[in-house]
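Presented below is the structure to which this report refers.
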Amino acid sequence: MKEKIVVVTGATSGLGETLAKMYAKGGAIVVAQGRNEKKLSALKKWSDDYGYGLMNPLCLDLLEKNAAERFYQYVINKWNTIDIWINNAGFGYVGAYTACSLELIQEMSQVNIDFVNQASYLVANDMIRKHSGTIVNIASTGAYHPGPFTAQYYATKAYVASFTEALYYECKPHGVHVMSVCPGAMDTPFSRKAGRRDNAFAMSTQKVARAIIHGVEKKKSIVVPGLFYRMFIRIPRKIAAPLIEKQQKKLAFHIDN
Ligand SMILES: NC(=O)c1ccc[n+]([C@@H]2O[C@H](COP(=O)([O-])OP(=O)(O)OC[C@H]3O[C@@H](n4cnc5c(N)ncnc54)[C@H](OP(=O)(O)O)[C@@H]3O)[C@@H](O)[C@H]2O)c1
């Protein structure tokens, strides 16, 4: 990964921050996108202090108009190439679908689906022209089942997983690797931001990031970190959906039980 240009979206927290740091430690030139300037500066300071790679913070809200085009152009204008582009930024909502604001539902589609779709389009075309590169899209184990009381979030991740797996086959003959990652619960601020207490089976972001880096090296199509979660995704939808419903009701802040 030395001197590779690695782009990580949502690098100010959780999995994105861990990936940005791991790639920087490996000597990559990391473009770390987020929308929290303080956290981006802290990331840059961390890399400067330890002398790891080159951390390039980019402050951008992915909800802004033409965010994918502007982001992609910024990277191409500055480095002329992209070796690894990781669409990691995303957020969820736990609660009744009908109780969630329509604005939040639309924003979830914009960040979790539209940005991933548009960035993948621009980056894949560039990589195909150059016959090299890797796109990693972070989905979720939620992609495999319907998610009562997290309906919109699970559906956005089902989109990401299906779209990314299809793109894997389309891009492979062009020398471009596309990989979907489906983590189960991770120990990050994600759950609390989404409106639920943390999950007892949460994995560390280090474990998930290591599985991603390994998957990139081995050119895998899908990575599902953790044996427990690899077994969980095989549970039939009809059995899993009521289990997920029960779990969300138990952990959510918003649902009247
Ligand atoms: N944690 C889990 O249990 C879990 C499980 C499966 C899959 N995932 C997926 O893994 C990925 C990383 O999640 P995480 O657990 O690391 O969550 P996290 O700690 O909340 O980090 C999410 C990152 O995405 C950024 N982001 C969200 N909306 C954005 C926007 N509009 N513009 C720019 N950046 C935005 C966040 O920035 P702000 O801090 O500024 O919002 C943050 O940097 C997500 O795609 C998530 O869906 C998470």
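The values are calculated or read from the model by the stated rules, or taken from the named source; none is laboratory data. Please read all numbers here as calculations on a predicted model, not as lab measurements. Cβ atoms come from the backbone with ideal geometry, glycine included; neighbour counts cover every protein chain shown. Just the protein is used for accessible areas: all its heavy atoms, side chains included, with ligands, DNA and RNA removed. Shrake-Rupley method; radii C 1.70, N 1.55, O 1.52, S 1.80 Å.
With respect to the chain, whose longest principal axis is taken over its alpha-carbon atoms, helix 67-79 is tilted by about 30°.
E217 to E107: extension gain in nm, 0.36 nm per residue of separation minus the Cα-Cα distance? Let's see the in-between values first.
Working: separation 110, 0.36 × 110 = 39.60 nm, distance 3.28 nm.
Extra length available between E217 and E107 comes to 36.3 nm.
Relative to the present Cα-Cα distance, how much length would full extension add between S132 and I235 at 0.36 nm per residue of separation?
Details: separation 103, 0.36 × 103 = 37.08 nm, distance 3.62 nm.
Taking 0.36 nm per residue and subtracting the Cα distance, the gain is 33.5 nm.
Looking at the chain alone, DSSP beta bridges between its own residues are antiparallel in about 5 percent of cases. Ordering of 78-91, 212-225, 58-71 by packing is 78-91, 212-225, 58-71, highest average first (other Cβ atoms within 10 Å, averaged per residue).
If you roll a 1.4 angstrom probe over the protein chains with everything in place, what fraction of the accessible area of segment 5-251 belongs to carbon and sulfur, to the nearest %? Please report the intermediate quantities before stating the final value.
Details: 6230 of 11560 Å².
That fraction is 54 percent.
Summing +1 for each Lys or Arg and -1 for each Asp or Glu among the other residues whose beta-carbon sits under 10 angstrom from that of T188 gives -1.
Got the relative contact order for the chain handy, in percent, Cα pairs under 8 Å and 6 or more residues apart?
Values: 498 pairs, mean separation 46.3, N = 257.
With pairs under 8 Å counted, the relative contact order is 18 percent.
Pairs from the table (K4/K220; K25/K220; K38/K249) lying more than 31 angstrom apart at Cα are K38/K249. Residues within the reach of a label modelled at R210 (point 7 angstrom out along Cα to beta-carbon, backbone nitrogen below 20 Å), restricted to segment 19-39, are 19-28. Charged side chains reduced to their Cβ positions (Lys and Arg at +1, Asp and Glu at -1) give the chain a dipole of some 720 debye around its Cα centre.
A straight Cα-to-Cα reach below 19 Å connects K44 with the aspartates and glutamates E3, E17, D61, residues fewer than 8 places away in its own chain not being considered.
In the chain, the longest principal axis of the Cα atoms and the axis of helix 37-50 are about 50 degrees apart.
For segment 5-251, the spread of Cα coordinates along the three principal axes comes to 48, 42, 35 Å, biggest extent given first. Considering every alpha-carbon pair of segment 29-96, the percent of pairs per 5 Å bin, from zero through the bin containing the longest distance, is 3, 13, 23, 23, 20, 9, 5, 2, 1, 0.
What is the distance in Å between the Cα centroid of segment 103-131 and that of segment 1-74? Using only Cα atoms, the two centres lie 17 Å from each other. Computed from the C-beta positions of A200 and A96, the FRET efficiency with R₀ = 30 Å rounds to 0.80. Note that segment 5-251 presents 47 Å² accessible area per residue, ligands and nucleic acids not counted, probe 1.4 Å.
Rounded to the nearest 0.05, the FRET efficiency derived from the C-beta distance between E64 and K193 at R0 = 22 Å is 0.65.
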